[in-house]
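What follows is a single structure, written as structure tokens, with notes after it.
The values are calculated or read from the model by the stated rules, or taken from the named source; none is laboratory data. Owing to the predicted nature of the structure, the values given are computational and were not obtained by experimental measurement. As a convention, Cβ positions derive from the backbone with ideal geometry for all residues, glycine included, and neighbour counts pool all protein chains shown.
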Amino acid sequence: WLPWTDLPVLQWAEDNTAVPEAVLRWLVVEASRGHEAHLSSEVRAGFDLLDPASRAALAVGVLELWLGSEPSGSAKLAGLGSFSAAIGGSERIVSRIDSVIWRDAKTRTPRARALVRLLAAIDQPAALRALLNLRATMRTASVRKEAAEALEELAQARGWTAADLDDWMLPHLGFDAEATTRVGEPPRAMRLDPNSLNLEWLDGPGDEAERKHLQKQLRAAWKSQTRRFEEAMVGGRSWTVMDWRERFIEHPWATWLCRRLIWRHEGDAGAAASFRPTQDGAIDADGTSIELPSAGRVQLAHRLLLEDRVADAWSRQIANRSFAPLFDQLRPAHRLGTQLEGVRMVELPSAEWIDVNFAKAQRVLRQRGYTRGRSYDDGRLFRFVKRFAELDLAAHLEVCELGEASTRSLEIRGFCFSRASARVSTEFDVPRLRFAKIPALLYSETRQDFDDLLALPRAR
């Protein structure tokens, strides 16, 4: 099915001499023999000897010839997947495959499903994002299912969690590395102001409806990712430096979120240090310019993880308006002592229940991401809940709403935790978890939320 004379002339990387046709035939035939998207080390080494331009040209050439000839048989499909994976699968290749999948999903579904598997064989971020988008938005059920199965296999092979896949789902929204994009017809350039989240025209005003729509999408994505970062902090989630750079620092707008947060790096030898990314690298707690880490693991910093001196230094930077943090990472820290590990709820004695102003309490808790729980049969509120979906945990602040509408107060009683996915008949039946099962940082943050409630003005 492959007309050899239509393939481009290739060159060796070492001396730029032409690759003999017999060698090219051997490489392609060997790559097409397997039924799985991987190559033998011998064949992969052969492709690695080609110069980058030749590998890219060969990928495009083989793909276009395959799309035109429609070969039959799974071996050819698997071989093409192996072939694409071996030569790197450029974004141009990914874009072409993705467009054909969307075009053929309804009318040529088997071919679209085969191309989904081809995408899965390409080890590139663009291919992964395309698969995630297919799983989320493709209307043809069999193609959507194929993408979901391919992603599940990839996640298992690479040891990824659902949170890892969500990292890759973070949309680019058309922005480039300079935080600029073009919208409308004719296209007009806009730049993102990372402080106000406003989009500003660069070469004269364009379609205002397009600008407002994009700005609405951006604000929603920004808010969602901020929430995910906060959840990652309280869950103690960490990334390898390579994954962290690829998913966030090199992302066209998520990098601005990272610059408004304090991070903690732990090297391979176990030494830990905090830093904040900047446009030119990073700075430490003392404001000294440093290089971004190149190895080890990275996680979001928290007061519980920082020495007092370092935390105080970061607090001074914030007070001096060196940066505006997305959320407070330096709230008072609370350690979960061994005496609380078997406890399922921290509850004030009934004689010590405290009544606070309802409106102020509700405002504070909404700012902290809590939502109203169910009410008693008479309409009185008895719980505020903050869910952490990726952790499958929920924090509950147990309260009791008192008084009439004009004189409402909130009686503060205690706090506990449950599984976010727990199914209960009523919220009175929430299965409380032992505190030993709760991440230390989540306990610390919830305890401080509880203390903040207790510190509110008393109800009159």
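Residues are listed down the side, and each one gets a yes or a no for (1) surrounded by fewer than 12 Cβ atoms within 10 Å (Cβ to Cβ); (2) under 22 Å from GLU445 (Cα atoms); (3) free of Cβ contacts under 8 Å to residues at least 12 places away in the same chain:
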site: ARG247; (1), (2), (3): no, no, no
site: ILE262; (1), (2), (3): no, yes, no
site: SER274; (1), (2), (3): no, yes, no
site: GLN279; (1), (2), (3): yes, no, no
site: GLU307; (1), (2), (3): yes, yes, yes
site: ARG316; (1), (2), (3): no, yes, yes
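Among the residues here, ALA311 does not qualify as farther than 23 Å from ASP176 by Cα, of a type in the set (A, V, I, L, M, F, W, C) and either in contact (Cβ under 8 Å) with a residue 60 or more places away in the chain or part of a loop (DSSP other than H, G, I, E, B) (or both). Selection within region 121-149: residues that are of a type in the set (Gly, Ala, Ser) and surrounded by 22 or more Cβ atoms within 10 Å (Cβ to Cβ). The member of this set that is modelled with the highest pLDDT is ALA147. Of the residues ARG111, ARG103, ARG135, ARG129, the single one that is in contact with an Asp or Glu (Cβ under 8 Å, 6 or more places away or on another chain), assigned to a helix (DSSP H, G or I) and basic (Lys, Arg) is ARG111. Taken over region 199-232, residues that are more than 23 Å from ARG259 (Cβ to Cβ) and of a type in the set (Asp, Glu) amount to 4. MET242: within 29 Å of ARG368 (Cα to Cα), modelled with pLDDT of 90 or more and assigned to a helix (DSSP H, G or I), yes or no? No. In the set (1) modelled with pLDDT of 90 or more; (2) surrounded by fewer than 20 Cβ atoms within 10 Å (Cβ to Cβ); (3) farther than 25 Å from ASN357 by Cα, the condition left unmet by SER418 is number (2).
Does THR338 satisfy the condition of being among the hydroxyl-bearing types (Ser, Thr, Tyr) and at pLDDT below 85? The answer is no for THR338. Under the condition of being polar (S, T, N, Q) and crowded, with 16+ Cβ neighbours inside 10 Å, which residue from region 150-198 is farthest from ARG135 (Cα to Cα)? My answer is THR180. Listed by position, the strands (runs of 3 or more DSSP E) inside region 160-223 whose residues that are at pLDDT 85 or above and touching an Asp or Glu at 6+ places or on another chain (Cβ under 7 Å) number at least 2 are 188-193.
Among the residues of region 323-342, those identified as over 20 Å from ASP452 (Cβ atoms), in contact (Cβ under 8 Å) with a residue 12 or more places away in the chain and either in contact with a strand residue (DSSP E or B) (Cβ under 6 Å, 6 or more places away or on another chain) or exposed (fewer than 15 other Cβ atoms within 10 Å of the Cβ) (or both) are ALA324, GLU341, GLY342.
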